[in-house]
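The values are calculated or read from the model by the stated rules, or taken from the named source; none is laboratory data. Fair warning: this is a prediction, and the values are worked out from it, not measured in the lab. Ideal geometry is used to build each Cβ from the backbone, glycine not excepted, and the neighbour counts take in all protein chains shown. Accessible surface areas use protein heavy atoms only, side chains included; no ligands, DNA or RNA. Shrake-Rupley method; radii C 1.70, N 1.55, O 1.52, S 1.80 Å.
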Amino acid sequence: MFNHGGECGIGNVVPWAGRLWATTYSPHDPLGNDHDGLHEITPDLEIIKRKESIGGTSPGRLIHRESQQLFIGPYAIDEKGNVRVIPYERMPGRHTAIARHLTEPSRKVYYFTMEEGMYEVDVNTLEVRTLYLDSNMTPDGNDGGPRLPGYHGKGGYSGQGFAVYANNGRIGTGGITGGGGLVDLSNNSGCLAAWDGTWGGELSSEGWQIIHERQFTEVTGPGGIQGNESEGDPVWSTGWDHRSLILKLLDNGEWSTFRLPKADYSYGGLHGWHTEWPRIRQVGPEGQYLMNHHGMWFDFPGEFSEEYHPAPRPIASHLKITGDFARWEDQIVFGCDDNAVNRWPGSNLTGQSHSNLWFSTWEQLKDNGNPYGWGGPWVSDEVQEGRASDPFAFPGFRNRQLHLSQLNNYPITFKLEIDKDGRGNWEELTSLTVPAHGYIHHKFSDKIRAEWIRLTPEMSGKYVTAYFHLGKGGGVQQDPEMFKALAPASPKSPRSVGLLYTRGEDTGTLQFGAWSVDADGKTTESGYYEMDEDLKLKKVDDENLFRDVKQKASIEADGFKIDEASVIITDHWDNRYRLPKGDPAFDNPTEFGIPRMKRELATERDTLNLHGSIYYLPRENSGGVANMKPIATHNKRITDFCTWRGLTVLAGCRTDFQEESEHFRMSDDGKVGLWIGDYDDLWKLGKPKGVGGPWKNTDVQANIPSDPYIMTGYDKKSLELSHNADSPIVFTIELNVTRNFIAVSDQFGRWSSYENITVQPGDKRTFHFPEGFSAHWVRLVADKDCNASAIFTYT
């Protein structure tokens, strides 16, 4: 699905009246537009853009059971597929959620907008009553609205006597540096709020209460897209802060808080723009609920309530960014947000925004990234004696570890308790004592079975961190056969290479400016090619188009360099970080030049391709390089990559391989080829691995930390240390487990001392980290000036 906006997301997908219905959206069109719209998809996957379309940004949807209508954005669709429209003149705003009415649910529904607008709509006449003005329509414009903290509304739902509304952003945090200064994601942003139906005027806050002033997205309940059937049914809401994901429960009139790990930090910007619409929907073959948030799919318990609240089980990590999902034709269909013209910051590498539907099954979801994540109840927080932390999810992960630190002048003992059955029956598991200004690491046995874990300090203290690292990184499986068309790392491997650009002008084609490389490494132009919707790669004799692709898709060489020790990448604030090396052939550019380093393969985050490995890279206002993670190591000569029509396309294929398949397309002249697949297929390239470190024959100053070196997402880890001094050197291994340390100084405990290793003159010491050990970043400190090497091997 294509549009003419800066972004083309698919915000909702709903089976109804024998069809699948979906709307596309542009970033900010509260009064609609002429290029987005309502799409009807037939069982044989014909996509029909309805003539009633009025565009806009409207991912809200509700099936109104009494009138047997689907309300989807500004459209009402009856059980026969007839469409009626609510004009934006009557109901302006970005319609983010639709909910059942508190007092007249059989004949009215609520519409919520992203800028605090709220409307009451008669399901029969479509008459609209404005309850609260959308702030786009107020004199101050798009300021988020006067009633609630935050802006950028997401979810809305009715239950337990309240209309509950979530927003996930804060005005003034849309720039690269997050509203002035560095990105401190511990700042408040967004809110979860509840309205009891008391109305005091279009700008009044009467009847509203703030439940939790943090970033929230989904609000739903066991009734899902149809709304709860009973007033007593619970309400669920998902959100996050800098510590972890947050799961809120409203049941029997009381709110409870639970926490879960994040699998990906790229969603975390304070403006809220990087999430799209995380959902909880009933899509499993046996009625299971699927929850997605921060790069993880969870099996969400449909019976989640005050009485019984088992923890959501992780299914897999994922890369795709989606706006909605539903069960249709015995599959799960996702509406994605794939390829956007808008790019902040950096060059535009696509000619037209577009996205596609993605089909999977419940079982196939498990074949992506391993369940792997991080989070905790405290990050540099003040804790009170005897006050327990929020419960943190415990099941479904291997290698469960806890990093615990505090910066007080006395030791603190923490009691760890587990809830084995999800019914609030807590029992003590163990106690851990952290020395003054200290840190400890604790690994839990895989044999421990529990739903939730919590910590209770025996003394009050400040700057306390309790942060879990759970699971193993990388993909669930490797599939070399899938990628056999890709050229190996050797610069003399015969291959086709080139530049990729998604063409605009409503052509829907993929442009490929291609070169051929022979066995001697010599590069010659092959020409210009286009791939159409039938996945046919055709040679086109057009020098102007070839020249345009060279210009539009040119590769920028800045942002990284390679030294003897490792790969160095620099962020927006000139902080240096280091990454492992893969095949030594990547140390030097080929005759073609360097491969593309980064590009969007899903909206509002980058995929990074460096020295044979692929990483997920958040935008700067979601933490940037400090918050990155590895996806896979391939050691293939990939020169460019892009998203097109929902597919991931890789350039850099062997010229001696011409077997067309699901994942390889050869050009009609037989000279060049392209790999095609799904974004989440990249997990199958191979587990992250590599060799490197902060120092290799490097002059080191005493007590000056090295550059941070990435650790998260790798399995077996060892460190080799050596030096040239004529006396023993003590090396301290320091860990960062929470990332985002660029925003605060070391005095707040973002770095913890893990191990001291003494290396005698002329010796080499190898330190093996415990199995499954994980931190986000690691660095070294030497106690004397020397020339030293510190090299990590990740396998």
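For region 484-503, a tally of residues being in a loop (DSSP other than H, G, I, E, B) and within 27 Å of the chain's Cα centre (by Cα) returns 1.
Yes or no: ILE757 at pLDDT 95 or above, part of a strand (DSSP E or B) and surrounded by fewer than 22 Cβ atoms within 10 Å (Cβ to Cβ)? So ILE757 fits the description; yes.
Only residues that are under 19 Å from PHE773 (Cβ atoms), open to solvent by less than 50 Å² (accessible area, probe 1.4 Å) and assigned to a loop (DSSP other than H, G, I, E, B) were counted in region 442-472, giving 2. Take ASN188 and tell me if it is closer than 21 Å to SER256 by Cα, open to solvent by 50 Å² or more (accessible area, probe 1.4 Å) and either modelled with pLDDT of 85 or more or not in a strand (DSSP E or B) (or both). Yes: the conditions hold for ASN188.
Restricting attention to region 49-63, the residues being under 19 Å from ASP324 (Cα atoms) and buried (at least 22 other Cβ atoms within 10 Å of the Cβ) number 8. Would a scan of region 639-650 turn up a residue that is closer than 18 Å to LYS689 by Cα and open to solvent by 10 Å² or more (accessible area, probe 1.4 Å)? There is no residue in region 639-650 that is closer than 18 Å to LYS689 by Cα and open to solvent by 10 Å² or more (accessible area, probe 1.4 Å). Scanning region 370-408 for residues that are open to solvent by 10 Å² or more (accessible area, probe 1.4 Å), part of a loop (DSSP other than H, G, I, E, B) and among the hydrophobic types (A, V, I, L, M, F, W, C) gives ALA388, PHE397, LEU407. Residues in region 82-103 that are touching a Gly at 6+ places or on another chain (Cβ under 7 Å) and either modelled with pLDDT under 95 or surrounded by fewer than 21 Cβ atoms within 10 Å (Cβ to Cβ) (or both): TYR88, LEU102, THR103.
Could you tell me which of the residues SER706, SER718, SER727 is surrounded by fewer than 17 Cβ atoms within 10 Å (Cβ to Cβ), under 27 Å from HIS611 (Cβ atoms) and modelled with pLDDT of 95 or more?
On inspection, the qualifying residue turns out to be SER718.
Within region 37-50, not a single residue is under 20 Å from GLU218 (Cβ atoms) and in contact (Cβ under 8 Å) with a residue 12 or more places away in the chain.
Listed by first and then second residue, the pairs linking a residue in region 444-468 that is aliphatic (A, V, I, L, M) to a residue that is open to solvent by 40 Å² or more (accessible area, probe 1.4 Å) and not in a loop (DSSP other than H, G, I, E, B), with Cβ atoms under 8 Å apart and 6 or more places separating them unless they lie on different chains, are ILE448/LEU429; ALA450/LEU429; ILE453/LEU429; LEU455/LYS415; VAL464/GLU382. Only one entry of GLY612, GLY623 meets the criterion of being in contact with a helix residue (DSSP H, G or I) (Cβ under 7 Å, 6 or more places away or on another chain) and in contact (Cβ under 8 Å) with a residue 12 or more places away in the chain, and that entry is GLY612.
Could you check region 284-353 for strands (runs of 3 or more DSSP E) lying wholly inside it with 1 or more residues that are open to solvent by 40 Å² or more (accessible area, probe 1.4 Å)?
Output list reads 296-300, 313-317, 322-328, 331-336.
Checking PHE394 against (1) in contact with a Pro (Cβ under 8 Å, 6 or more places away or on another chain); (2) under 23 Å from GLY369 (Cα atoms): exactly one of these is not met. Which one? Unmet for PHE394, out of (1) in contact with a Pro (Cβ under 8 Å, 6 or more places away or on another chain); (2) under 23 Å from GLY369 (Cα atoms): (1). Would you check if GLY18 is surrounded by 15 or more Cβ atoms within 10 Å (Cβ to Cβ) and either farther than 25 Å from HIS152 by Cβ or modelled with pLDDT of 95 or more (or both)? Against the criterion (surrounded by 15 or more Cβ atoms within 10 Å (Cβ to Cβ) and either farther than 25 Å from HIS152 by Cβ or modelled with pLDDT of 95 or more (or both)), GLY18 does not qualify. Taken as a whole, the structure places PRO705 among residues that are in contact (Cβ under 8 Å) with a residue 24 or more places away in the chain and not in a strand (DSSP E or B). Report yes if some residue within region 147-161 is at pLDDT 90 or above, within 30 Å of GLU66 (Cβ to Cβ), open to solvent by 40 Å² or more (accessible area, probe 1.4 Å) and not basic (Lys, Arg); otherwise report no. Checked region 147-161: no residue is at pLDDT 90 or above, within 30 Å of GLU66 (Cβ to Cβ), open to solvent by 40 Å² or more (accessible area, probe 1.4 Å) and not basic (Lys, Arg).
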